[in-house]
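The values are calculated or read from the model by the stated rules, or taken from the named source; none is laboratory data. What you see is a predicted model; the values in this text were computed from it and never measured. Here the Cβ positions follow ideal geometry from the backbone for every residue, glycine too, while neighbour counts run over all protein chains shown.
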Amino acid sequence: MSKTEIGVERLGEPLRATSQALAVVLFGSPGSGKGTQAKLLVQALGIPQISTGDMLREHIRKGNAVGTAVEAKLKAGILVKDDVVNELVERRLAQPDAERGFILDGYPRTLAQAETLCQLVAARGFNELVIHLVVDYNVIIARLTGRRQCPVCGTLYNVSSKPPRVPGVCDLEGAKLIVREDDREEVIRERLDAYEKQTRPLLDYFRAKGKQIYDVDASHDSPERVFRKIEALIREQ
Ligand code: ADP
């Protein structure tokens, strides 16, 4: 299997020469590709992806107390309360697989979350790296409004950039594709609004704290090309 086939550097030199644990923060608007990049980084670095969105959806799926408390917020595209999310992250980071590092996707999203993370990372002596995926507004809108999902297997498609073989039908299951509840137009507007008002300002907070922020242009390149850029940044650490 060649490196290009697996899409990430696994067979050559290790991605990182030093053993210092790495806290990678993938930062960017909804639709900027954080989840996709997180998955590629998991393969390359062997450290876990921690996606607060996925964790919250899992609680909703299980129908437990946390899930019931947050369900309406996710449906409306509004941020969940900081103490709920901070506790989920704190517990997750205490698990053994996060000892050597982790990749945060969708966290922190508010000042209170950024402060919590700052303390957690400082207490562990991790090297923190903020990767800011920069994507044009129009591209974001096209990605979010074009997203379709298979209700059976969860595979994601996009009507323009990753269409199924038969329009509106899952390649794998043959099921009719759906628009996820939080991909409806009015909810997309809420999610982007929450990003602009509550999350984007964290870039200033990170700068004021002296953290390195790496802007990575992720508007038009393929996910693999974006990943190569991130990989090069990590090698420099
Ligand atoms: P996206 O980045 O595309 O909006 P996510 O899966 O990261 O998708 O988030 C989906 C929803 O989950 C958000 O709209 C919000 O309601 C909730 N959520 C996820 N992460 C957080 C967080 N760190 N703080 C508050 N709410 C969150």
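Sub-9 Å Cβ pairs linking a first residue in the range 188-214 that is touching a residue at least 24 places away in the same chain (Cβ under 8 Å) and under 16 Å from Ser29 (Cα atoms) to a second residue that is surrounded by fewer than 17 Cβ atoms within 10 Å (Cβ to Cβ) and of a type in the set (Gly, Ala, Ser), at least 6 apart or interchain, are Glu190/Ala76, ordered by first then second residue.
Which of the residues belonging to the range 179-218 are away from the ligand (no atom under 16 Å from the Cβ) and under 23 Å from Gly53 (Cβ atoms)? The answer is Lys211, Ile213, Tyr214, Asp215, Val216. Would you check if Leu79 is at pLDDT 95 or above, within 30 Å of Ala21 (Cα to Cα) and not charged (D, E, K, R)? Criteria met by Leu79. Which one is surrounded by the most Cβ atoms within 10 Å (Cβ to Cβ) among residues in the range 175-220 that are farther than 13 Å from Thr110 by Cα and β-branched (Val, Ile, Thr)? The extreme case among them is Val216.
Let's see how each residue does on (1) free of Cβ contacts under 8 Å to residues at least 24 places away in the same chain; (2) charged (D, E, K, R); (3) over 27 Å from Arg189 (Cα atoms):
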{"site": "Ile78", "(1), (2), (3)": "no, no, no"}
{"site": "Leu88", "(1), (2), (3)": "no, no, no"}
{"site": "Arg91", "(1), (2), (3)": "yes, yes, yes"}
{"site": "Ala123", "(1), (2), (3)": "yes, no, yes"}
{"site": "Gly146", "(1), (2), (3)": "yes, no, no"}
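Take the conditions (1) surrounded by 15 or more Cβ atoms within 10 Å (Cβ to Cβ); (2) away from the ligand (no atom under 12 Å from the Cβ); (3) of a type in the set (D, E, K, R); Asp82 misses just one of them, which is (2).
With respect to (1) surrounded by 14 or more Cβ atoms within 10 Å (Cβ to Cβ); (2) away from the ligand (no atom under 16 Å from the Cβ); (3) touching a residue at least 12 places away in the same chain (Cβ under 8 Å), the lone exception for Leu172 is condition (1). Of the residues in the range 93-116, how many are within 12 Å of the ligand (Cβ to nearest atom) and either part of a helix (DSSP H, G or I) or at negative phi (or both)? Going through the range 93-116 one residue at a time, the tally reaches 11.
Residues in the range 43-64 that are under 25 Å from Ala98 (Cα atoms) and surrounded by fewer than 16 Cβ atoms within 10 Å (Cβ to Cβ): Gln43, Gly46, Asp54, Glu58, Arg61, Lys62, Asn64.
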